[in-house]
Every structure is written in C-alpha cells, then in structure tokens.
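Q: Structure in structure tokens, see below.
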C-alpha cells in the first residue's frame, strides 16, 4: 500500500501523521495483529473522530501514539510523526516531554482513571508543575482556574477533594481539565463519554469541543458510536478489523458512505424520520476474530456485496473523491 | 455506641469518636482472650504441684494439699478464673508460683526488651520487603526478580530457629566470631545493646519480610496495571514518580493489613529467638514459665500478647485513614 501523491496522506505540515502503523499483541494464541497498516493525519485544530466497534483497533491506535501500550503490545511497523518528529523513534525522556505537554489523553473510565489517593488539585496541577517547572502553589492556582473552565463549581475548595467525592461526569470534567493543563496541541480522547449517562455525554462532548476550539488544539475523538461523534468531528475515520476502511469529511461520510460497513453502521441508527415500531437494520454476523482474520477483506464475511475478489485479497485504502478514501473494491 | 455516648457532640471529631468506639469493641474480645488464655495453660498435662514435689525428695499427699491451698489451686477452675480476672481488672496479675514475685514486675522487666526486638524486626522486615517488592515488580520476570522471589521463598521456608542456630555455630567455626550474647539495657549502652539485639532482630525480620515482599510485589504489579497509572504515565511523569507518588500508597493499603496480621508471628518468633540469643525478654520468661507450669506468669504474658495484637490491629485500622482518603471514620 503506497501513498500516491494526490491522496491526502501526502499532505505536508500535518500536526500528526500516522503512517503504515502496525501493532500486534502477544496472546495465548500467538501474536495477534491489532492494527494493520493504519495511516491518517490530523491537522492543527482539527477534530478527527475514529469510529469502530470493540476490537477494531481504535483504542490501540490512541495508545500507540503516546507509546502507552502495555507490555504485551508491540509496534511492528510504521511511523508516527508529530510536529516533524517520529514519536516511535524518540527516547523515553524526549517522549515524556511530549506526553501531557504537547499531546494529552483523556481515558474512557473516569471512575478508575483518577488516582483514588491523591487530591484532585494535585492531579490536575501535576502536569503544570512537571512541564512548566512551576512550584506547587502556582500550579494549584492554575489548576483551580482549569476546574473553573470545565465548570466545576467552587473549584478552589474542591482542589483538596478526592476523586470519590465527585460524580462520573464531574470526574470526566476533571480529566479534561488535566488534559488541557499544558495547552496541548493534540488531545486524544478515548471513548470519553462511554461510561457516562446519555444526558451527561452531550455536555461533556460539547465542553471538550468548545475548549479545544478555544485553545486551537486538535482532537482525536474515539468512539464506538457513529451517531455521537457526528456533531463534533470535522473528519471521521471508520475502523474495522484493525484497519481504516473509510475516512472522509464528516458531512461527506454521513451523506454518502463509500464503504459497506459505514453504510451498515448508518443504517443501524434510529433517525427522527423512522416510523415508530420499525426495526433498525443490523449488520449480520459477528465482529472478526483478530487472531484469525480472513485473507481478504475483513468485512467480506458480513458484506452483502462481497465478491470472490473481496475474499481473495485485501482492498487498499484509496481515494474515491477528494479527501474521501475507502478500502473497498467497490459495491453498488 | 459512640452516638449514645455523645461523642458526636461538637468538640469531638469523628476520628476521636472512632477511636473510642473501636477501643470499646476491644473489651469483649479481650475478655474472651483471657478465658482462652486462662484455660489453655491448665490443659497441658502435668501440673505445677507435681513439678514442685518432684524437686523435693520427700513428699507426701499432705504436702500436695498444703501447697495447693497455699497457691489457691484447690478451688474449682471457674472460681480460680473469677478471682484471677477480678484481680486483673484492678491491675494485679498475681505472683509467680515459683519465685513469689509479682507477675507485673516480671513483665515490666521483660516487655520493653521484647518490644525493642519486635520493633527492630519490623523495621528490618519492612525495609527489606517493601523496596525489594517494588524492585521485583518493576523488573517483573527478569533475573533480579527471580533472585528476589527465590530469596523470599527461602526466608519463608527456613525456620528462624534453625537459621539462628546456624548463625550461632558457623561463624564461630569459620571465623572464630560469635554473636554477642550478653544483654545490656538499651539505656545503659545503646550501642552494645543493639549489637546484641540486632542479629536476632534481623533473623526475625527476614522471616517476616518474605510474605510482605511477595504481597508488595503482587500488589505493585496489580496497581501498575490500573487506569490511573496509565493516566500518570500519559502526563509524562518519570517511572519512579509514577511508582512512588501514584502507585505506592495504593500498594501499601493491603500491605499494612498484612503487617498487622503478622503481629502474632512477630511475637511468636521472638520467643524462640530470644531463647537462642539469650535475650532476657518476654519470650524467655514465657518459655520458662510454660516449662514450670507457672500459671500466673503464662497467663500474664499471654494477656499482654493478646492486648498487643489487638492494639496493633487497632493501629492498622487507624493507618488506613491516612493511606486511603475513601476510609472515613
């Protein structure tokens, strides 16, 4: 799979450029490939949503960027260029300067992602103290301002509180404050609202979107829910079986999906126009077994349009329209 | 109970209320302990009078009755218990049947010595177990991890009395050096005192460190897999800051519990090691008293041990509050 000059992959000056990233995990069933030649870019200030079901590789992609995969995970191939430097070839100390300062992460579980024995103030102030080399007193002062920005009432008093004294939504606000602490150029939010109530979800996403816009930070928003990210993403990448199967501007992707999987995902969503009682369409079959992927397109076993060609070889990610790429031999 | 006693009134913190409440709940436990302690020594075959009589050449059945009456052992056992516990409640632990000195005097002389040894052993145990446990976890499945784990298993498997005997015998054979065996009170000459106490304390500490080290290692591995540790790493913190600021306190919560549970082992171990290293502590006192069926002394020591174990676990409960902000009294 080689990038041709006219594809967006070759654009110069992207904030983040992930190229041909392959990651595998050690398991009892041998080496399992979790990411297979994944490539995408994120421009400055842009919001890219990465959507896919469990096991599609979206969280692995997120963790790979900051090299936070656990010991079983291994990056086999590819490059991750951020502000002109390949993160995969940085030594640990240089990488630590990027983590939390230039690139920050927000995790899925606000319940378990905050340290239960440290105060909120300390946890939010920590990156400021670390990267800005400020004394605790000033870092805590800034932490209170950050808590204000994420709309935590009485922020100054709450600095001394512990995570268990906050609700799930409030904790995710704290996580956002922590991620914003050093005004990073890129924020990676790995399913930031999955663990939250539906009513809180929208608030958190709107907050995240507003604050990243204010700071002109780029945002990678990872979700399993195509519907949730629709309003917030500039572009959307759909992942399936460890690969990107379609990537496009959000509007184009929703209006005119070019991959059968994306089409299936969109058809499985309820809309305001659907009649009550009408059954939603489901994608038949099971998500792929990552340890045992078919030789051809990973989606072929579930695809209505699959042909012999699809089962024999993997379709490369190729442009179908300007800024719109898909990995499909074509279906109509 | 605390509520009824009015400890929630202003002026008392919830912490103080907790302490009082917790101390009050210790009372029934202590009473039950005293019952077991009192009965158990009397269940050992061969009573004190037999031993006393066997030391005299002439003995008649009449002597036996006279001694029994003099020592108060002619009364039924429950009557003996009530008169004993009644005296205990006013601070009188009775007198040694052999030496005719108050048990409380003997305890006052020996308890500080055992306390010192226990404290030294605990310091040794923790300062070996926690750093090695952390180190071992950070280098999981490497050579140094295996060495540390094998060492801890070895310490767990080797009885400290055997190790104590080795330390007594081999250095004297090889290097003509033996650990000092003459006891000097700490206040008289701290250095000399420590030189004597340190060897048994290290042996005792090492045997206790094994379980604590494994627990520290396991918990550290567990905690390092937690989401909040990943958050800490994502902030760009150095690994040692991640381990010491973010992980360690979470690791110590269960480790402290374990240390509390080990308190009886600590005291039990010192009984044997005091004997080997001629430390005139409570362990030596107990051993002698058991051999002689000196009931008041044995019950006195056991009572002190019981109180100590309960008190240590009480301290453990208090420690949680400092380690874990989720614990509220």
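Q: Run the simple label-point estimate for residue B:22 and residue B:43 please: 7 Å along Cα→C-beta, distance reported in nm.
A: With each label placed 7 Å out from Cα toward Cβ, I get 3.1 nm.
Q: Here's another thing I want to ask about it. Subtracting the Cα-Cα distance from 0.36 nm times the residue separation, let me have the gained length for residue A:76 to residue A:26 in nm, one decimal.
A: Extra length available between residue A:76 and residue A:26 comes to 16.8 nm.
Q: Compute the whole-percent fraction of alpha carbon pairs in chain A spaced more than 32 Å apart.
A: 31 percent
Q: Figure the gain on full extension for residue B:108 and residue B:172 (residue separation times 0.36 nm, minus the Cα-Cα span) and round it to one decimal in nm.
A: 19.7 nm
Q: May I ask for the angle, rounded to the nearest 10°, between helix B:282-291 and the longest principal axis of chain B, with both axes built from Cα atoms and the value confined to 0 to 90°?
A: Roughly 40 degrees, rounded to the nearest 10.
Q: If you don't mind, another one. First measure r as the distance between the Cβ atoms of residue B:278 and residue A:85, then evaluate 1/(1 + (r/R0)^6) with R0 = 51 Å and state the FRET efficiency to the nearest 0.05.
A: The formula returns an efficiency of 0.15 here.
Q: I want to check the label-to-label distance for residue B:82 and residue B:15. Put each point 7 Å from Cα in the C-beta direction and report it in nm to one decimal.
A: Modelled inter-label distance: 4.4 nm.
Q: At a threshold of 8 angstrom on Cα-Cα distance, excluding pairs fewer than six apart, so keeping six or more, what relative contact order does segment B:103-323 reach in percent?
A: 30 percent.
Q: If you average 1/r across every pair of different Cα atoms in segment B:103-323 and take the reciprocal, what Kirkwood value do you get, in Å?
A: It is 19.0 Å.
Q: Same structure again: Semi-axes, largest first, in whole Å: what does sqrt of 5 times each Cα gyration tensor eigenvalue give for the protein assembly as shown?
A: That gives 69, 27, 24 Å for the three semi-axes.
Q: Here's a follow-up. Using the beta-carbon distance between residue B:139 and residue B:100 and R0 = 51 Å, what value does 1/(1 + (r/R0)^6) give for FRET efficiency, to the nearest 0.05?
A: 0.30
Q: Hey, what angle do you get for helix A:136-149 against the long axis of chain A, alpha-carbon based, 0 to 90 degrees rounded to 10?
A: The angle comes out near 50 degrees.
Q: OK, next. Which FRET efficiency value, to the nearest 0.05, do you get for residue A:268 and residue B:238 by plugging their Cβ-Cβ distance into 1/(1 + (r/R0)^6) with R0 = 56 Å?
A: 0.80
Q: For helix B:61-71, report the angle its Cα long axis makes with the longest principal axis of the Cα atoms of chain B; keep it between 0 and 90° and round to the nearest 10°.
A: Helix B:61-71 sits at roughly 50 degrees to that axis.
Q: For segment A:1-133, take the convex hull of the Cα atoms, compute a quarter of its surface area, and give me that in nm², please.
A: The orientation-averaged projected area of the Cα hull of segment A:1-133 comes to 10.4 nm².
Q: So what's the Cα pair-distance distribution over segment A:216-299, bin width 5 Å, in %?
A: 3, 12, 22, 23, 19, 12, 7, 3, 1
Read-outs throughout are calculated quantities, based only on the coordinates presented, and are distinct from any laboratory measurement. Note that this is a predicted model, so its numbers are computed, not measured. Cβ atoms come from the backbone with ideal geometry, glycine included; neighbour counts cover every protein chain shown.
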